[in-house]
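The values are calculated or read from the model by the stated rules, or taken from the named source; none is laboratory data. Because the structure is predicted, anything quoted here is derived from the model rather than measured. All Cβ positions, even for glycine, are placed from backbone atoms using ideal geometry, and neighbour counts span all protein chains on display.
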Amino acid sequence: MTREPRIRALKESGKFEEAKKEIQEGLRQNPDHILLKISLADLYLRQGLLTEGRILAEEVLAHDPQHPQALSVLGDFFLKERSPRQALECFRQASSRDPRPSLHLKIARALKEMEKFPEALDELEKVLVVQRDNLPFLKEKALILNRTKRFDEALACYERIQDLRPDDRFVQKEILRLRGRNRPKSQVLKELTTVIGMESRKDNPQMHGLLAQKLKDAGMVREAAAEYKTAVSLEPGNYFFLKQEGFCHYHLKEYPEAIRCLADAFRHDPSDYVVLKTLQKIYETQGDLPNFLKLLEEAIRQHPHNKSLWGTIKKIRKNLKLATEGTENTEF
């Protein structure tokens, strides 16, 4: 296997450090190898090293402003940073130079983030009309149909995906969720509990996550937190489950546990406004703004392109300074 397919295989299997060594060795031998630079930028994206990755992608584009792979990777960074309009521009420029289907998928995802759902579906159909069983496109279509409350169509789409990929746990969960949408809550909870009790499903994080959601909807927040915790233990990189566990702990006023979950999720994605505000409320309730400021400063060091954090940081610094001055001026 030559170097580039080997690097691709290592990245797809999550062996990022091995992939990085391969890329760096290739760049040591050929420092101007454009595709290796783009591959390293993509690797940084997967590792959450957004600053390093963007620098590499922009370095390639400085020499060739229309390089399709570099534009595609730069668009991925914009999408990660919640800038879908800029991502869309990159993807469309890349697509004009490179007709590969994956760029239509990226365009659709950017349009989805901009809530331009009909346009996103149209973009997906450009490929699905000739590749009816393209799984990534079918999954994205189902997500958009669900988001636009076209539930019957979404269910049909997921059932089609299940025919193609019976072992997809996320799809199994979505089919159960959509089929139980109009059933009584008690019946759905009973059915899910039975399903999770099956030997083949007990280690399925998606099923535990769905049960947690239904428990929370039924007001059983403590039980929901336990199920989300199980889901996280089964799928440690799933920050959605981690956030939901944190929100449950917040609802129960279990603040240390809420901070444990939400702070970790926030470090991963500081652009999540709901997580940010929930953390702020917790730290304010506990009278512990210095540690909140410490978390914010840690996040901005890891994600320096997230400029929106600076407003919150400045406000907290100002409040802490005023509080300190007030203490110093107090006469006893």
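Among the residues of the stretch 135-153, those identified as closer than 17 Å to Arg100 by Cβ and surrounded by fewer than 18 Cβ atoms within 10 Å (Cβ to Cβ) are Leu135, Pro136.
Would you confirm whether any residue within the stretch 89-104 is more than 30 Å from Ile196 (Cβ to Cβ), touching a Gly at 6+ places or on another chain (Cβ under 6 Å) and either assigned to a helix (DSSP H, G or I) or not assigned by TED's automatic domain parsing to the domain that holds Ala231 (or both)? Scanning the stretch 89-104, I find at least one residue that is more than 30 Å from Ile196 (Cβ to Cβ), touching a Gly at 6+ places or on another chain (Cβ under 6 Å) and either assigned to a helix (DSSP H, G or I) or not assigned by TED's automatic domain parsing to the domain that holds Ala231 (or both), so the answer is yes.
Taking the stretch 1-76 and the helices (runs of 4 or more DSSP H) fully enclosed by it, no element has 3 or more residues that are at pLDDT below 90 and on the phi > 0 side of the Ramachandran plot. Within the stretch 133-161, how many residues turn out to be assigned to a helix (DSSP H, G or I) and either more than 22 Å from Met114 (Cα to Cα) or at pLDDT below 95 (or both)? Residues in the stretch 133-161 being assigned to a helix (DSSP H, G or I) and either more than 22 Å from Met114 (Cα to Cα) or at pLDDT below 95 (or both): 9 in total. Taken over the stretch 215-258, the criterion of being charged (D, E, K, R), closer than 23 Å to Arg183 by Cα and crowded, with 23+ Cβ neighbours inside 10 Å is satisfied by Glu227 alone.
Could you please tell me which pairs satisfy a Cβ distance under 6 Å, a separation of 6+ or placement on different chains, a first residue in the stretch 203-217 that is among the small types (Gly, Ala, Ser), and a second residue that is crowded, with 23+ Cβ neighbours inside 10 Å and assigned to a helix (DSSP H, G or I)? Listed pairs, sorted by first residue: Gly209/Ala231; Gly209/Phe241; Ala212/Ala224; Ala212/Glu227; Ala212/Tyr228. Among residues belonging to the stretch 175-187 that are touching a helix residue (DSSP H, G or I) at 6+ places or on another chain (Cβ under 8 Å) and not in a loop (DSSP other than H, G, I, E, B), point out the one that is farthest from Ala156 (Cα to Cα). That would be Lys185.
Collect the residues in the stretch 77-88 that are within 16 Å of the chain's Cα centre (by Cα) and part of a helix (DSSP H, G or I), keeping them in residue-number order.
Phe77, Phe78, Leu79, Lys80, Pro84, Ala87
In this structure, Leu252 does not satisfy being closer than 25 Å to Ala142 by Cα and hydrophobic (A, V, I, L, M, F, W, C). For the stretch 132-174, a residue qualifies if it is over 25 Å from Asp122 (Cβ atoms) and out of contact with any helix residue (DSSP H, G or I) (no Cβ under 9 Å at 6 or more places or on another chain), and exactly one does: Asp167.
Which one of Lys190, Lys214 is within 30 Å of Gln280 (Cβ to Cβ), outside the structural domain of Leu262 (by TED's automatic domain parsing) and assigned to a helix (DSSP H, G or I)? The unique qualifying residue is Lys214. Considering each residue of the stretch 197-204 in turn, none proves to be assigned to a helix (DSSP H, G or I) and under 22 Å from Lys139 (Cα atoms).
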